[in-house]
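The values are calculated or read from the model by the stated rules, or taken from the named source; none is laboratory data. Please read these numbers as outputs of a predicted model, since none were measured by experiment. Cβ placement follows ideal geometry from the backbone for every residue including glycine, while neighbour counts extend to all protein chains displayed. For the accessible areas, the whole protein counts, side chains as well, though only heavy atoms, and no ligand, DNA or RNA atoms are used. Shrake-Rupley method; radii C 1.70, N 1.55, O 1.52, S 1.80 Å.
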Amino acid sequence: MHIGPYAIDPRVVLAPMAGVTDKPFRMLCKQLGAGLCVSEMTTSDPRLWKTAKSLHRTDHAGEPDPISVQIAGTVPEVMADAARHNVDNGAQIIDINMGCPAKKVCNAWAGSALMRDEALVGRILSAVVAAVDVPVTLKIRTGWAADQKNALAIARIAQDSGIAALAVHGRTRDQQYTGVAEYDTIAAVKAVLRIPVLANGDIDSPAKAAFVLRHTGADAVMIGRAAQGRPWIFREVAHYLATGETLPEPGVAEVRDILLAHLDHLHAFYGEESGVRIARKHLGWYAKDRPENAAFRGVVNRATTAADQRRLTRDYFDALVAGVSPEFAAAA
């Protein structure tokens, strides 16, 4: 699969997730087999471009190609300016958010709320495509509600506007992340488009990825929440799609090493105070399937320095490697 001049191989993509797909996480997922990693949503409001949050989100130094940056907004000219701004800061693919279901985004008529105004969708897409010389992609849902599914209409508008690839999450906006994703709409979209289509929603295993690709005919799968705490899912899916064989789960020692390297990158990228705070959710996701999860989070979340957070995390996993139950009461 290609997006413009970029070969996406393997065809397993990290979905953009606000507060999750920052540079440290994108680079980790790329190292662990993702063919493309899309940034968390960036604002199109130029008044916010110099904030610490925005500056972190536009830092792509050392990030592997291709660099895909998602933008969100409602005004075609402002979105065009945002696309140019991000290309000037290293973006090689611009992704437009019309899939976010969050109230604060939709209340501003951005994200998936834009799907309710097809004429505006066309103006935004055309403006952004015309503004930059890099590929522009789009992420949508199947529609606003069960009785307002218009993904097919939006998909045709996208292709006619010059969009290079389309990702479709198999839920309507009103479902948020509840219920189950459906893939028939994605299959219908793929059947009428010439551009690549990425299938998204509830893809949480190699077998599920293979099923979704068969069912929809999509060119790639996009994985979001299933990568939280499990970034090696990308190599597992890629290996299964290539060979039909299932890779073994990583051992506890490898998980420890992956997590400690991730912590180090978060602390260096954000600075100690913010890095420690942001790392807490990742620690919780990594440990969520372990019986000691609650005790682990209770202790590690009290760490206020990078050294303490790293030590407590290392001790936890070292104990698991040794086959003993970590004694968090003593550590506390």
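The convex hull of the Cα atoms of region 1-136, projected and averaged over all directions, covers 7.8 nm². The residues of the chain expose, per residue, 42 Å² of accessible area to a 1.4 Å probe. Electrostatic bookkeeping for residue 265 treats Lys and Arg as +1 and Asp and Glu as -1; over the other residues with beta carbon under 14 Å from its beta carbon, the sum is -2.
Ordering 25, 178, 218 by Cα displacement along the dipole of the chain toward the positive end leaves 178 in first place; charges were set at the Cβ atoms of Lys, Arg (+1) and Asp, Glu (-1). According to the Kirkwood relation over distinct C-alpha pairs, the hydrodynamic radius of region 182-229 is 10.8 Å.
What is the diffusion coefficient of the chain in µm²/s, taking the Kirkwood radius over Cα pairs and the Stokes-Einstein relation at 20 °C with a viscosity of 1.002 mPa s? Estimated via Stokes-Einstein, D reaches 105 µm²/s.
Sorting 222, 1 on solvent-accessible area from highest to lowest, probe radius 1.4 Å, gives 1, 222.
Of the accessible area of the chain, with the probe set at 1.4 angstrom, what percent is carbon plus sulfur?
Of all accessible area on the chain, carbon and sulfur atoms account for 52 percent.
In region 21-95, Rg over Rh equals 0.97, where Rg is the alpha-carbon radius of gyration and Rh the Kirkwood radius from pairwise Cα distances.
About its Cα centre, the dipole of the chain is roughly 580 debye, where the only charges are +1 on Lys and Arg Cβ and -1 on Asp and Glu Cβ.
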